[in-house]
Amino acid sequence: MFEFTVHKQDSNSRARTGEIKTAHGSFATPVFMPVGTQATVKALDPSDLEEMHAGIILANTYHLYLRPGEDIVRKAGGLHRFMNWKGSILTDSGGFQVFSLSALRKIDEDGVWFSSHIDGSRHYLTPEKATAIQEALGADIIMCFDECAPYPCSYEEACKAVERTSRWAERCRAAQQRTDQALFGIIQGGTFEDLRRQSAAQICSIDLPGYAIGGLSVGEGKNEMHAMLDTVVPLMPETKPRYLMGVGEPEDLIEGVKRGIDMFDCVLPTRMARHGTAITSSGRLVVRNALYKEDFLPLDLECRCYVCQNYSRAYLRHLVKAGEILAHHLITYHNVYFLVNMMAEIREAIQKEELDIYRSSFYSRYRRNGMGGP
RNA sequence: GGAGGGAUACCCAAGCGGCCAAAGGGGGCAGACUGUAAAUCUGUUGGCGAUGCCUUCGAAGGUUCGAAUCCUUCUCCCUCCA
């Protein structure tokens, strides 16, 4: 089952609140989805995610196909049971790996050859195969297998990716056997407005329960990303969720919501945490910096998460410097909480018609490379 | 007491006459990270008034145009034999 309902449309922007219902519960939108590529949000237990009210997480087709193999997940009773996550799950199709594993891959019309990053073995992924794997994994939302073009990229290259992505989207839909999974289409087009329009028209002409915007935040600037959203979102149906893939930073979430995005996912909070950086209301706080050696304040003075209630910057810095695994857990917990909570605040602001106020208040405190100080 | 081996930058450790302010690790400091080949990657790590100068390779002397590298003495450490 899959249902999307819009609750409140902001009168000053394209922002809206809503709700998505899947067989694994419902969650409010706009939503931030933590990424758990290999059926685990790195360094967190599903109970942590529940505790911070994350309603949906991501996993990846390509990675789970290579290891442990989708059959094992299917035999385990599906991804939810396999990883003990009761909320909703979205699986990415492997389309992003077409981009990120470019050195190990070869694209043709039928599909993509990959050399496994694990053992070098050769694998062929097609729209049909990506769909079948996602059916075996059993997520609530599955994604069309797309071609995510790099940035920068020539017009011709971007155009080819758009057209191939459209043909592949049709094939994914045709390949669908299960009726209980929501298949989302993906709009491509690089940073070319006309290609974005073309892609939006083509993808949205396929009747699917949701649509995503892919191929952004791959190196283009914020302005270009915003311009693409302004181009594409108006061409997407209002009654379907709009998902901006792979984004983002706190400011990107606000800017995306304002431009009509309902769903986001990003590895940034989990990856940065493992690399020793916290996301706070005043900006990034590089926990390992010497500045925090004797700083006994919490990561974020305004944060109500478990970590900020119980641990100091000095202690977390110590854990990071000492290479202790708890550092990964605690900072990841905070970072994911921060974004999940931020989305809750944004929803509340939209509900109260105060998104602009929330936005300016956010920017008044947040500096991208802020020190996170009091 | 005798015979060897060793002392190099914050630590470990290469270097054994000029291309050495000195390899490589570690540690320190800093930067990056946006549908995860990422507990990763990159830069930096003697001092300056800085396309050059000054001080450094246990200490002090010496040889040499030139020494971390060769010689002498000393100090300390290690191994083996008494």
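The values are calculated or read from the model by the stated rules, or taken from the named source; none is laboratory data. From a predicted model like this one, the values you see are computed outputs, not experimental measurements. Here the Cβ is made from the backbone with ideal geometry for all residues, glycine too, and neighbour counts use every protein chain on show. Surface accessibility is based on the protein's heavy atoms, side chains included, excluding ligands, DNA and RNA. Shrake-Rupley method; radii C 1.70, N 1.55, O 1.52, S 1.80 Å.
State which residue is surrounded by the fewest Cβ atoms within 10 Å (Cβ to Cβ) when the search covers only region A:27-43 and only residues that are more than 12 Å from A:I141 (Cβ to Cβ) and away from RNA strand B (no atom under 16 Å from the Cβ).
A:A28
How many residues are charged (D, E, K, R) and away from RNA strand B (no atom under 12 Å from the Cβ) when one looks only at region A:230-267?
7
Cβ-Cβ below 7 Å, separation at least six or inter-chain, first residue in region A:199-225 and more than 21 Å from A:L90 (Cβ to Cβ), second modelled with pLDDT of 95 or more and not in a loop (DSSP other than H, G, I, E, B): which pairs?
A:A201/A:L235; A:Q202/A:S166
Got a sec? Which of A:G210, A:G221 is within 15 Å of RNA strand B (Cβ to nearest atom) and more than 16 Å from A:E3 (Cα to Cα)?
Going through A:G210, A:G221 in turn, just one is within 15 Å of RNA strand B (Cβ to nearest atom) and more than 16 Å from A:E3 (Cα to Cα): A:G221.
Any idea which residue in region A:306-344 is nearest to RNA strand B (Cβ to nearest atom), counting only those that are in contact with a helix residue (DSSP H, G or I) (Cβ under 8 Å, 6 or more places away or on another chain) and among the hydroxyl-bearing types (S, T, Y)?
Only one residue fits best here, namely A:T332.
Only one residue in A:G214, A:G221, A:G185, A:G190 is surrounded by fewer than 24 Cβ atoms within 10 Å (Cβ to Cβ) and of a type in the set (G, A, S). Which one?
A:G221
Would you be able to tell me the number of residues in region A:1-26 that are open to solvent by less than 10 Å² (accessible area, probe 1.4 Å) and either part of a strand (DSSP E or B) or among the polar types (S, T, N, Q) (or both)?
Residues in region A:1-26 being open to solvent by less than 10 Å² (accessible area, probe 1.4 Å) and either part of a strand (DSSP E or B) or among the polar types (S, T, N, Q) (or both): 5 in total.
Which of the helices (runs of 4 or more DSSP H) contained wholly in region A:56-127 include at least 1 residues that are within 12 Å of RNA strand B (Cβ to nearest atom) and surrounded by fewer than 20 Cβ atoms within 10 Å (Cβ to Cβ)?
A:61-66, A:95-100
Under 7 Å between Cβ atoms, at least 6 apart or on separate chains: pull out the pairs that start in region A:270-288 with a residue that is under 20 Å from A:T40 (Cβ atoms) and of a type in the set (S, T, N, Q) and end on any residue that is more than 6 Å from RNA strand B (Cβ to nearest atom) and open to solvent by less than 20 Å² (accessible area, probe 1.4 Å).
Pairs found: A:T270/A:P34; A:T270/A:V41; A:T270/A:T332; A:T270/A:N335; A:T270/A:V336.
Among the residues of region A:344-358, are any among the aromatic types (F, W, Y), in a helix (DSSP H, G or I) and open to solvent by 60 Å² or more (accessible area, probe 1.4 Å)?
For region A:344-358, residues among the aromatic types (F, W, Y), in a helix (DSSP H, G or I) and open to solvent by 60 Å² or more (accessible area, probe 1.4 Å): absent.
What residue, among those in region A:44-53 that are in a loop (DSSP other than H, G, I, E, B) and more than 13 Å from RNA strand B (Cβ to nearest atom), is most open to solvent (accessible area, probe 1.4 Å)?
Step by step, filter region A:44-53, then rank; the result is A:H53.
Mind listing just one residue for me: the one in region A:268-305 that is assigned to a strand (DSSP E or B) and not small (G, A, S) and, of those, farthest from RNA strand B (Cβ to nearest atom)?
Only one residue tops the list, namely A:T280.
Among the numbered criteria (1) free of Cβ contacts under 8 Å to residues at least 40 places away in the same chain; (2) closer than 25 Å to A:E109 by Cα, which single criterion is violated by A:Q176?
(1)
Take the conditions free of Cβ contacts under 8 Å to residues at least 40 places away in the same chain and not in a helix (DSSP H, G or I) and apply them to A:C308. Does it pass?
no
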